[in-house]
Amino acid sequence: MNLNEQLKHKIDFKTKPLGALGLLEDLALQIGLIQNTLTPELKNPALLVFAADHGLTDEGVSPYPKEVTWQMVMNFVAGGAAINVFCRQNGINLKVVDAGVDFDFPADAPIINAKVARGSRNMRREPAMTEDECAVAIQKGRELVQAEVANGCNIIGFGEMGIGNTSASSLLMHRFLNIPIEECTGAGTGSHGEQLTRKMQILKEVSEKYDPKTPEETLATFGGLEIAMMVGAMLEARDRNMILLIDGFIATAAALTAVRFNPEVRGNCVFCHSSDERGHKLMLEKLNARPMLQLDLRLGEGTGAALALPLVQAAVNFLNEMASFEAAGVANKE
């Protein structure tokens, strides 16, 4: 038997009806295949939160001012955000990354300074990033994951903070999946009514302005510095055979982009939840992903990834610790 068949046999002959642990069985199989073993383990789980500003916020696509980006980063490092609470609860090593915030953080703040620029450009006027800036962001993301691997980490979650980043994510989804912008655009941090209509109109105008050909050009044109850095981190995590915990709409847009760079990334992705942001369920469907949780979250920060970790651990634990019919002396059905 090959490893896939061996894992399926091990799962099927646990003391339970066939398939009775549902999605946890799929997860155990996936993790065993990622780690190339019948006895996988999770080591030193980490979560990277990438923060950056977006020039498109000048056009009023978000009801919040861009200053909220740096203010929330300071909340992260003070330990007061939802992601801090859930990472503490579940023993996850949280790192906050300045990928491109338009603010000078205190030198002694526990923030990883990976700033490529002070935010992306206003896409209504010019591409969000130059291809060089985008490439630098991708490389920095790779290096951050290399540092986590050196710490013995083999499972990594991805979160983000950036006022305006649902707009960038909607554009990436729209371009990579060829889905109308209206189906890709939601409320974000709270755009409703006229403001949501305006957001859609602006994104449509932005999309029609450019015609990038490659995944690299598309990411540079429509993405953001935190999204590009996340893409690089995901690519490196796949190269290192790590488990990737994918959070909500923005992290899934980054995963979609990473899959366009390297289709093998998909096999390492655990999609943690289906968010309340319009477009996320559709993007998950297109990635053939079954999310683990349905909690109507729409916070970002990596919160869904942090909340899902205990279920990932449960999948590994049942595979390793649950008795088989033979070992337990329990009669199996014919």
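The values are calculated or read from the model by the stated rules, or taken from the named source; none is laboratory data. Fair warning: this is a prediction, and the values are worked out from it, not measured in the lab. Glycine gets a Cβ as well: all are built from the backbone with ideal geometry, and neighbour counts include every protein chain shown.
Of all the criteria given as (1) within 30 Å of T37 (Cβ to Cβ); (2) exposed (fewer than 14 other Cβ atoms within 10 Å of the Cβ), the one not satisfied by I92 is (2). Does N288 satisfy being closer than 22 Å to L171 by Cα and either surrounded by 21 or more Cβ atoms within 10 Å (Cβ to Cβ) or at pLDDT 95 or above (or both)? Yes, satisfied.
Which residue out of E59, E67 is farther than 23 Å from V149 by Cβ, among the charged types (D, E, K, R) and surrounded by 18 or more Cβ atoms within 10 Å (Cβ to Cβ)?
On the way: E67 fails: surrounded by 18 or more Cβ atoms within 10 Å (Cβ to Cβ).
Criteria check complete, one pass: E59.
Of the residues in segment 37-51, not one is outside any helix (DSSP H, G or I), in contact with a strand residue (DSSP E or B) (Cβ under 6 Å, 6 or more places away or on another chain), at pLDDT 95 or above and charged (D, E, K, R). Restricting segment 293-323 to residues that are under 25 Å from L171 (Cα atoms), buried (at least 21 other Cβ atoms within 10 Å of the Cβ) and hydrophobic (A, V, I, L, M, F, W, C) leaves a set whose member that is nearest to the chain's Cα centre (by Cα) is A305. Does segment 203-219 hold any residues that are in contact (Cβ under 8 Å) with a residue 12 or more places away in the chain and either in contact with a Pro (Cβ under 6 Å, 6 or more places away or on another chain) or of a type in the set (D, E, K, R) (or both), and which are they? If the condition is that a residue be in contact (Cβ under 8 Å) with a residue 12 or more places away in the chain and either in contact with a Pro (Cβ under 6 Å, 6 or more places away or on another chain) or of a type in the set (D, E, K, R) (or both), then K204, E205, K209, E216, E217, T218 are the ones that fit.
Considering segment 213-243, and only residues there that are of a type in the set (G, A, S) and assigned to a loop (DSSP other than H, G, I, E, B), the residue that is surrounded by the fewest Cβ atoms within 10 Å (Cβ to Cβ) turns out to be G223. Just so you know, in segment 192-212 the residues that are assigned to a loop (DSSP other than H, G, I, E, B) and in contact with a helix residue (DSSP H, G or I) (Cβ under 6 Å, 6 or more places away or on another chain) include one that is surrounded by the fewest Cβ atoms within 10 Å (Cβ to Cβ), and it is P212.
Pull up segment 95-122, narrow it to residues that are part of a strand (DSSP E or B) and free of Cβ contacts under 8 Å to residues at least 60 places away in the same chain, then point me to the one that is nearest to A168 (Cα to Cα).
D98
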